[in-house]
Amino acid sequence: MFVVPNVAIDDRLRAGLRSPKVIGFTVVLCCTLLLRVGFGATQPSWWNFRVAPVVDGFDHWLSLHRGSHWAFRFGFGPMSSALRNAVQWTLNALRFLTWPGLLVTVALTALRVSGARAAIMACGCVFGIGMLGLWDPSLSTIALMAVSVTISVAVGIPVGIYSAHHPKFEAAIKVVLDAMQVMPAYCYLLPCVLLFSIGFAPSVIATILFAAPASIRLTAHGIKGVPPALMEVAEAQGATKHQTLLHVELPVARPSLVLGVNQTINLALGIVVIAALVGSGGAGQNVLDALQHLEVGNAVNAGLAIVAVAFLFDRLSSGRTMKGARAFRATRTQGRSVLEAVSGVAVVVSTVAIAKLAGTTAFPANWSHPISGPIDEFFAWISDNFRTGVPIIGGTKSFSDAITLHVMNPVRDLLVQRAWWMIVVAVVVIAWLSAGSRAAATCGLALMVVAALRASGGDDTIWADTMNTLSQVLIAVTITALIAFPIGIAAGRSPRLFAMLRPLLDTAQVIPAFVYLVPVLGLFSTGRVPGMIASVVYGLPPGIQLTALGIRGVPAAAIEAAESLGCTRWQMLKSVQIPMAWRSILLGLNQTILLIFSVVVIAGLVGAGSLGLDVVYGLTKHELGLGVEAGIAIVALAIVLDRITQGWANTFTRRPAASH
Amino acid sequence: METARTAIECNGIWKVFGPKSERIVDSPDADLPRSELETKTGCVAAVRDISFRVPEGGVFVVMGLSGSGKSTLIRCLSRLIEPTAGTITIDGQSVRALKPAELRELRRTKVSMVFQHFGLLPHRNALDNVAFGLEIQGRSKAQRLQRSREVLELVGLQDVAESYPDELSGGMQQRVGLARALANDPMILLFDEPFSALDPLIRREMQDEVLRLQRELKKTVVFITHDLNEALKLGDQIAIMRDGRFVQVASPDDLVANPADDYVRAFVQDVVRSND
Ligand SMILES: Nc1ncnc2c1ncn2[C@@H]1O[C@H](COP(=O)(O)OP(=O)(O)O)[C@@H](O)[C@H]1O
Ligand SMILES: [Mg+2]
């Protein structure tokens, strides 16, 4: 019963490999690769949107009218100061708590929300932050996070509930959310800087825009996932809509809601540290400064502080497992909860009082041991011993140079030196073959938009930078896929390996992308290679995890049926597991590509150049025209990559009509 | 029994799913066989022109193959599914004329339902699941818990009051479902294939339980099943449903002795044979 569809899928896959589409795909790819002649200009001369001058003009107008125009006096201005005050007050409150008070607060909150182990972890993180000597910058990051996440969740959950109940509204915002999902964090900062200038306000707004969609999505997903049978029970009992929401929908959707908050926090952290670019300060600023001055030790130190903040929030928001929650609730009576709350507050208050009397506020300086020194020594030792001249592998510099020369340059030149129309045609054909005509139209349009951008950053035009970025993404994706796919399959087939990898993979995904650049920079210095390696390292965990989950998602009944027919392990993999997991694997690839893309863009900071550098330049040197054009190109490229892979994955949902 | 007050009376209930379903009811299309109607209009006539009466304290059983419209019919009674046409009177009230708030009141106090899929809330323990309906009504916590304990005891589950649904066996879960329905002390209990998912032994036990409760508490019962033995055991009146219509409504003995047509005969054949 289960084998029949598998064979069908397998056949389709094999037939698919020999189909005209795939052959066409290969031909187009080969032609683009092999035709080394230019066939015309690299960019159309007749096609120019003049975005940069318009943006710069607008920016100039804003700088003159920010104080007087009504939209700023009554809209953006007050909003901006409200946000700034909210962050400042939160920061003051955190400082007022003193470090022992904060530690106790964190411990008790984690204990209440996520259990004892989480509380221990969270305390470790607080200590870690202090020990690294970054108490104050980290508090500032925490304050920024707290405000942004609170607003994101406060907006996200109601909107999510509303959209779960109103399909039309959901369809409308889905378009927006999908578009927002593919945009790397950088792109959110640009318009916010334009409207809110620099500081806390644009950071908070950008973070909300970036992170709230996770909350909206997962809330809506959870509410829509409530079994209709339970809704009917509530209706049959005479529950009002409000009661149904309160007693049935929200509790049943709780795991999804908690996950939404957790993801919102992770996304928020990713952008809050980058927001240092627009003057939000915090630990991100320390990383940024260190990266820009190539002080690897300091960068690692600050990076670890960010990781500690990330874990702190993750532990505080991960919630309990189903079993833990039940054990927790079983011991609960109303009196006990009140008692706990009161005594918790009492403990915090008395800790704060004692700390105040003892005169401590910030983490004691003589307890902190920044690890910049040893790290610098370590990387100096590495570069002394492993930079060049290591037998066989050559050394980090030789490796980096060789990759640049033999892999990255040829691929980049291939894309950069082609006539623009060849690239557009090739991408459109590839999109059409893999994802259908709508995707092809979208991709064509997106690239045409890029072709119409004219700002020139450093040495290159936006088009050239886009092709350069694309080449880096393609290489990183290929390497990631080659590593992640086999490991993911192995992990999917072996529960033990999966259980072993799982904590590692989960942990890796909590750390913001920004931080991955730091150790790679220590090893490989600046250039495109460290950026690419960082993006591979960042892309691997989700790549492995999603592949493994795809393989594990294959119904046990299908495996059993195949086994009963005497399949070998290899046959099982080839004919049952991979074909049935193919769609999830491709969706995993889609996610991985978008993550890699975001790191490649961020790597513009450490010498990967191209679009990322244009954005950084635009943000830090206040050349918003350039920044916005680069931002548009980034979004366009993200859309192209997303549409092609997602469309490809979705072609596998169309199952052959079941024969009754 | 015949002189008892009427608890439920239905006249000419129709339920047609699909676009412009109201127009189907009085049109000539209404008499088309189901599949023809669907190809012609895109509508599914799940319940067609059904009328019946249940006296207070009576047990009315509806039986039929899967897809014959039983679930749709029983949901029409408390308007969980809005009927397309017909009148429904429960305890003298015209159900279709009720405003939303009045309808909620009816469901809270007069009509309770037990589902095939149990429908227990996974995040509440047995006691709180039973108390759910009372909570919806806004009863005080003390009242709720006392009443729920009583009802749990009635169905023999006082010992597992603190257990969660996934810690209970199917039979126990359905007892909780039954207790939840009884907690509001309704006049009418609606059962939609409540025991289909249970093992035969447990099923028999549960049927006895329902009979016992019905005798003790004098509830009016509408019971859906596709199991003839269950129908014969529980029902005062049995309706055989096919393609949305009642083919025959009769007492258990009558049904076995005089099946109205081949469809009914096919149903009762087994019993006749097993009684030989
Ligand atoms: N919401 C709906 N929309 C369209 N058709 C429905 C809907 N619900 C039920 N039906 C159809 O109505 C018929 C009767 O369904 P149902 O009442 O569930 O039957 P039973 O409970 O006897 O198995 C079936 O053909 C089913 O496909
Ligand atoms: Mg049914």
What is the Cα centroid distance between the stretch A:522-574 and the stretch A:99-176, reported in whole angstrom? 30
Ranked B:CYS10, A:CYS125, A:CYS443, criterion: other C-beta atoms within 10 Å, fewest first: B:CYS10, A:CYS125, A:CYS443
Which shape class, rounded, prolate or oblate, goes with the stretch B:94-144 when its Cα gyration tensor gives a ≥ b ≥ c as root eigenvalues, a/c under 1.5 marks rounded, and past that a/b bigger than b/c marks prolate? oblate
I need to check one value: relative contact order of chain A, counting alpha carbon pairs closer than 8 Å and at least 6 residues apart, in percent. 21
List B:ILE90, A:ILE371 from most exposed to least, where exposure is judged by having the fewest other Cβ atoms within 10 Å. A:ILE371, B:ILE90
Given charges at Cβ of Lys, Arg, Asp, Glu: the stretch A:76-367 dipole, positive-most of A:VAL153, A:GLY101, A:VAL113: A:VAL113
In whole Å, what are the extents of the protein assembly as shown along the principal axes defined by its C-alpha atoms, from largest to smallest? 100, 78, 65
For B:HIS123, A:HIS242, A:HIS221, ascending order of other Cβ atoms within 10 Å (fewest first) is A:HIS242, A:HIS221, B:HIS123
Given the candidates B:PHE191, B:ALA97, B:THR225, the one whose Cα lies deepest towards the positive end of the charge dipole of the protein assembly as shown, counting +1 at each Lys or Arg C-beta and -1 at each Asp or Glu C-beta, is B:ALA97
For the stretch B:43-52, what does the Karplus curve 6.51 cos²θ - 1.76 cosθ + 1.60, with θ = phi - 60°, yield as ³J(HN,Hα) per residue in whole Hz, taken in order and with x for Gly and Pro? 9, 10, 8, 7, 10, 10, 6, 9, 10, 6
Alpha-carbon centroids, the stretch B:39-81 and the stretch B:217-258: separation in whole Å: 13
May I ask for the angle, rounded to the nearest 10°, between helix B:141-154 and the longest principal axis of chain B, with both axes built from Cα atoms and the value confined to 0 to 90°? 70
Under 5 Å between amide hydrogens, which residues at least 5 positions from B:HIS123 or on another chain qualify, with H placed 1.01 Å from N in the peptide plane? none
Determine the shape class of the stretch A:514-660: with a ≥ b ≥ c the square roots of the Cα gyration tensor eigenvalues, call it rounded for a/c under 1.5, and otherwise prolate if a/b is greater than b/c, oblate otherwise. oblate
At 222 nm, what helix-only mean residue ellipticity would chain A give, in deg cm²/dmol to the nearest 500, using -39500 (n - 2.57) for each DSSP H run of four or more? -25500 deg cm²/dmol
Length-normalised contact order of the stretch A:76-367 in % [C-alpha pairs under 8 Å, at least 6 apart]: 32
Based on DSSP loop calls and a cut-off of at most 10 other Cβ atoms within 10 Å, the longest stretch of chain A free of exposed chymotrypsin sites (Phe, Trp or Tyr not before Pro) is what? A:47-660
For chain B, size of Cβ-based charge dipole, Lys and Arg +1, Asp and Glu -1, in debye: 940
Work the Kirkwood hydrodynamic radius out for the stretch A:76-367: mean of 1/r over every pair of different alpha-carbon atoms, inverted, in Å. 20.6
Of A:GLN237, A:ILE354, A:TYR188, farthest towards positive along the dipole that unit charges on Lys, Arg, Asp, Glu beta carbons give the stretch A:76-367: A:GLN237
If contacts are Cα pairs under 8 angstrom and at least 6 residues apart, what is the relative contact order of chain B in percent? 24
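Does the stretch A:205-273 come out rounded, prolate or oblate, given a ≥ b ≥ c as the square roots of the eigenvalues of its C-alpha gyration tensor, rounded meaning a/c under 1.5 and, failing that, prolate meaning a/b above b/c?
prolate
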With N denoting the number of residues in chain B, provide Rg(C-alpha) divided by 2.2 N^0.38 Å, to two decimal places. 1.03
Only loop residues by DSSP count here, and only those with at most 13 other Cβ atoms within 10 Å; note down the trypsin sites (Lys or Arg not before Pro) in the stretch A:535-626 that meet that. A:LYS621
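Coordinate-derived values only; no laboratory data. Quick caveat, the model's predicted, so the values are computed rather than measured. Counting neighbours? That spans all protein chains shown, and the Cβs are built from the backbone with ideal geometry, glycine included.
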